[in-house]
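A.B. asks: Okay, here's the structure, questions in a sec.
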Ligand code: C5P
């Protein structure tokens with residue numbers, strides 16, 4: 001391996017994507033956003049009119065779907081069979097559908113193999129829900145990044161507003177709480193903190209503070 005495998009898990013809105021991207025830049029690591037991969041499957045299923053509990057069709061869909069991360073100008077785009085889906089996978093409707101789709105074992109199995117393959121050489125940070133518990137239980141460094149549900153809902157709300165989407169703060173907090181429940185309560189690979197993960201609660205911390213803390217922990221183990 002060329003470098004470490006770093007796992008960052010945690011609930012939605014904890015700042016995982018922002019933090020992972022910046023931490024990867026600081027360390028010179030590759031960033032693998034596994035949530036974006038589940039979202040891409042959900043988008044494809046939605047377009048194909050496949051119900052989230054239709055395992056046979058989902059399996060066929062995954063088999064014909066090539067998901068890739070394209071890095072241009074330091075920015076990371078997600079493609080599905082060559083089409084840039086980076087923005088299309090971030091709508092509230094796709095977020096909700098992703099939660100249902102990601103509960104299906106057929107989908108998880110396909111993406112698990114793909115994630116392990118993408119990270120095989122190390123020097124990577126994977127962010128998701130089950131990286132430290134299922135995908136890489138032997139990851140070199142594991143973080144569990146969380147924040148209060150109100151804070152996470154507020155951050156997601158500001159994000160959506162900035163993109164011009166019409167949402168209310170209350171609804172957004174409620175949607176985050178519902179997604180937490182779905183992600184933690186599912187049978188396959190539920191959101192769970194790995195026993196050996198380092199806890200980082202980002203409530204009330206600046207991005208810089210969180211980054212400094214995490215960077216020094218990774219550097220110690222390099
Ligand atoms: O992180 P993000 O909000 O983009 O993830 C979207 C959804 O994908 C989550 O709510 C969760 O249902 C699912 N997911 C998952 N396992 C992962 C990453 C994301 O089940 N490793």
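The values are calculated or read from the model by the stated rules, or taken from the named source; none is laboratory data. Remember, it's a predicted structure, so these values are computed and weren't measured experimentally. Heads up, the Cβs are rebuilt from the backbone with ideal geometry, glycines too, and the neighbour counts pull from every protein chain shown.
A.B. asks: Test each condition in (1) surrounded by 18 or more Cβ atoms within 10 Å (Cβ to Cβ); (2) closer than 25 Å to residue 194 by Cα; (3) modelled with pLDDT under 95 for residue 136 and report the one that comes out false.
C.D. replies: Only one criterion is unmet by residue 136, namely (3).
A.B. asks: Another one. What residue, among those in segment 119-138 that are within 13 Å of the ligand (Cβ to nearest atom) and part of a loop (DSSP other than H, G, I, E, B), is nearest to residue 183 (Cα to Cα)?
C.D. replies: 129
Matching residues to (1) at pLDDT below 95; (2) surrounded by 14 or more Cβ atoms within 10 Å (Cβ to Cβ); (3) out of contact with any strand residue (DSSP E or B) (no Cβ under 6 Å at 6 or more places or on another chain):
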{"position": "21", "(1), (2), (3)": "yes, yes, no"}
{"position": "38", "(1), (2), (3)": "no, yes, yes"}
{"position": "45", "(1), (2), (3)": "no, yes, yes"}
{"position": "49", "(1), (2), (3)": "no, no, yes"}
{"position": "54", "(1), (2), (3)": "no, yes, yes"}
{"position": "73", "(1), (2), (3)": "yes, no, yes"}
{"position": "77", "(1), (2), (3)": "yes, yes, no"}
{"position": "85", "(1), (2), (3)": "no, yes, no"}
{"position": "96", "(1), (2), (3)": "yes, yes, yes"}
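A.B. asks: Tell me, which helices (runs of 4 or more DSSP H) lie completely within segment 16-118 with 3 or more residues that are within 12 Å of the ligand (Cβ to nearest atom) and in contact (Cβ under 8 Å) with a residue 60 or more places away in the chain? Reasoning before the result, please.
C.D. replies: Numbers: elements: 16-27, 34-48, 55-63, 92-101, 105-118.
Correct list: 16-27, 34-48, 92-101, 105-118.
A.B. asks: Quick one: which of 126, 112 is surrounded by fewer than 19 Cβ atoms within 10 Å (Cβ to Cβ) and in contact with a helix residue (DSSP H, G or I) (Cβ under 7 Å, 6 or more places away or on another chain)? Can you show your working first?
C.D. replies: Details: 126 fails: surrounded by fewer than 19 Cβ atoms within 10 Å (Cβ to Cβ).
The unique qualifying residue is 112.
A.B. asks: Give 63, 56, 36, 42 a once-over and let me know the one that is over 22 Å from residue 135 (Cα atoms) and in contact with a helix residue (DSSP H, G or I) (Cβ under 9 Å, 6 or more places away or on another chain). Spell out the reasoning first.
C.D. replies: Numbers: 63 fails: over 22 Å from residue 135 (Cα atoms); 36 fails: over 22 Å from residue 135 (Cα atoms); 42 fails: over 22 Å from residue 135 (Cα atoms).
So the residue among 63, 56, 36, 42 that is over 22 Å from residue 135 (Cα atoms) and in contact with a helix residue (DSSP H, G or I) (Cβ under 9 Å, 6 or more places away or on another chain) is 56.
A.B. asks: From the list 176, 198, 141, which one is within 12 Å of the ligand (Cβ to nearest atom) and at pLDDT 90 or above? Outline the logic, then answer.
C.D. replies: Numbers: 198 fails: within 12 Å of the ligand (Cβ to nearest atom); 141 fails: within 12 Å of the ligand (Cβ to nearest atom).
Residue meeting the stated conditions: 176.
A.B. asks: Here is a check on your reading of the model: is residue 128 farther than 23 Å from residue 23 by Cβ and touching a residue at least 12 places away in the same chain (Cβ under 8 Å)? Outline the logic, then answer.
C.D. replies: Values: farther than 23 Å from residue 23 by Cβ: no; touching a residue at least 12 places away in the same chain (Cβ under 8 Å): yes.
Considered against the rule, which asks whether it is farther than 23 Å from residue 23 by Cβ and touching a residue at least 12 places away in the same chain (Cβ under 8 Å), residue 128 comes out as no.
A.B. asks: Collect the residues in segment 139-164 that are in contact with a helix residue (DSSP H, G or I) (Cβ under 8 Å, 6 or more places away or on another chain), assigned to a helix (DSSP H, G or I) and surrounded by fewer than 24 Cβ atoms within 10 Å (Cβ to Cβ), keeping them in residue-number order.
C.D. replies: 149, 150, 153, 154, 156, 157, 160
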